[in-house]
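Where a number appears in this text, it was derived from the coordinates with a stated rule and is not lab data. Note that the structure is a prediction, hence the values are computed from the model and not measured. Note that each Cβ is placed from the backbone with ideal geometry, even for glycine, and that neighbours are counted across all protein chains shown.
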Amino acid sequence: MILSTMSTKSLEEVAITVKGENFHHLWFQLYIHRDRSLTRTLVQRAEAAGFNALCLTVDVPVLGRRERDRQNNFTLPFELELANLSGRKIPETVGESGVFAYVAQQFDPGLTWKDIDWLRSQTKLPLVIKGILRPDDAVRAVEHGVQGVIVSNHGGRQLDGAIATIDALSDVVAAVGDRLDVLVDSGFRRGTDVLKALALGAKAVLVGRPVLWGLSVAGETGVRQVLEILRDELSIAMALSGCRTIPEIDASLIKQV
Ligand SMILES: Cc1cc2nc3c(=O)[nH]c(=O)nc-3n(C[C@H](O)[C@H](O)[C@H](O)COP(=O)(O)O)c2cc1C
């Protein structure tokens, strides 16, 4: 699980709650704020709370134009707070998404690879960069001491018309080889989608909205069911493709055109 910087529960609360739940991977997702001392504190808090890795999202220099959020003047319901961000609030806006305004005010839109070096110097935790679509950027990530990349277009919520991640994946994997782990997300809905991504060299597949759909239908049980459905579908797809184990899933399953 990767917990967002924007979470409405604090990272400490989440870490305490999942302890003992056999979590192998609890990562913290970082947005670099203009306020570097806030950013540094988030990194230190994540380390202290026992998170296993930092996941820096790099595809939100500005928020994409989300028309429904603009029309609805989207903001957080008053009973929810940005629990990691010491009193910062999603502003109330008219004709604009409050999140758009927050990102414009607070996030650093000018990140470069120097900022990756800065972050690298702040922590010993493994660093994963989320929002990579180009093989040359993945190679730069290797050069800057990053342990993993997530091939992601943010669920198609940022740049309209961006390449599908399943189409971007093989070139990224080919460019970095085994020098770092390549994960992927955005639009993975079925076990067969997961099988294809693993066949193309992804180390893991992540899901966003399916978890939220499960949550809204049936709370924790719904989330569990969504994940179980995906796992069952993957194992059936593996059996029907002649794969007994994950390492047996390889590119020979895919007809490249
Ligand atoms: C409601 C919502 C909130 C999100 N918030 C964040 C976030 O705070 N940080 C981040 O890196 N990605 C965020 N994302 C993007 C997801 O991490 C992920 O890349 C995307 O949802 C994957 O695509 P999928 O939803 O099609 O599985 C968010 C996505 C949704 C739907």
State whether one or more residues within segment 84-95 are of a type outside the set (Ser, Thr, Tyr) and in contact with a His (Cβ under 6 Å, 6 or more places away or on another chain).
no
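If you go through segment 109-131, how many residues are outside any helix (DSSP H, G or I) and among the acidic types (Asp, Glu)? So that I can check it myself, show each step before the final result.
Residues of segment 109-131 outside any helix (DSSP H, G or I): 109-112, 123-131.
Filter again for among the acidic types (Asp, Glu), leaving none.
So the count comes out to 0.
Being assigned to a loop (DSSP other than H, G, I, E, B), surrounded by 13 or more Cβ atoms within 10 Å (Cβ to Cβ) and touching a residue at least 24 places away in the same chain (Cβ under 8 Å): is that true of Ser170 here? It would help to see each step written out before you state the result.
Working: assigned to a loop (DSSP other than H, G, I, E, B): no; surrounded by 13 or more Cβ atoms within 10 Å (Cβ to Cβ): yes; touching a residue at least 24 places away in the same chain (Cβ under 8 Å): yes.
Answer is no for this residue.
Of the residues Asp35, Asp59, which is in contact with a helix residue (DSSP H, G or I) (Cβ under 7 Å, 6 or more places away or on another chain) and in contact (Cβ under 8 Å) with a residue 12 or more places away in the chain? So that I can check it myself, show each step before the final result.
Numbers: Asp35 fails: in contact with a helix residue (DSSP H, G or I) (Cβ under 7 Å, 6 or more places away or on another chain).
Just one listed residue meets the conditions, Asp59.
Among the residues of segment 88-108, how many are assigned to a loop (DSSP other than H, G, I, E, B), β-branched (Val, Ile, Thr) and crowded, with 19+ Cβ neighbours inside 10 Å?
The total comes to 1.
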Given the conditions (1) buried (at least 18 other Cβ atoms within 10 Å of the Cβ); (2) within 21 Å of Gly145 (Cα to Cα), report the number of the one that Asn52 does not fulfil.
(1)
Give me the pairs, please: first residue somewhere in segment 141-155 and closer than 14 Å to Lys114 by Cα and assigned to a helix (DSSP H, G or I), second residue anywhere and within 16 Å of the ligand (Cβ to nearest atom) and of a type in the set (A, V, I, L, M), beta-carbon distance under 8 Å, and either six or more positions apart or on two chains.
Ala141/Ile116; Ala141/Ile129; Ala141/Ile132; Ala141/Val149
Being within 12 Å of the ligand (Cβ to nearest atom) and either in contact with a strand residue (DSSP E or B) (Cβ under 7 Å, 6 or more places away or on another chain) or under 20 Å from Arg134 (Cα atoms) (or both) narrows Val182, Val226, Val205 down to just Val205
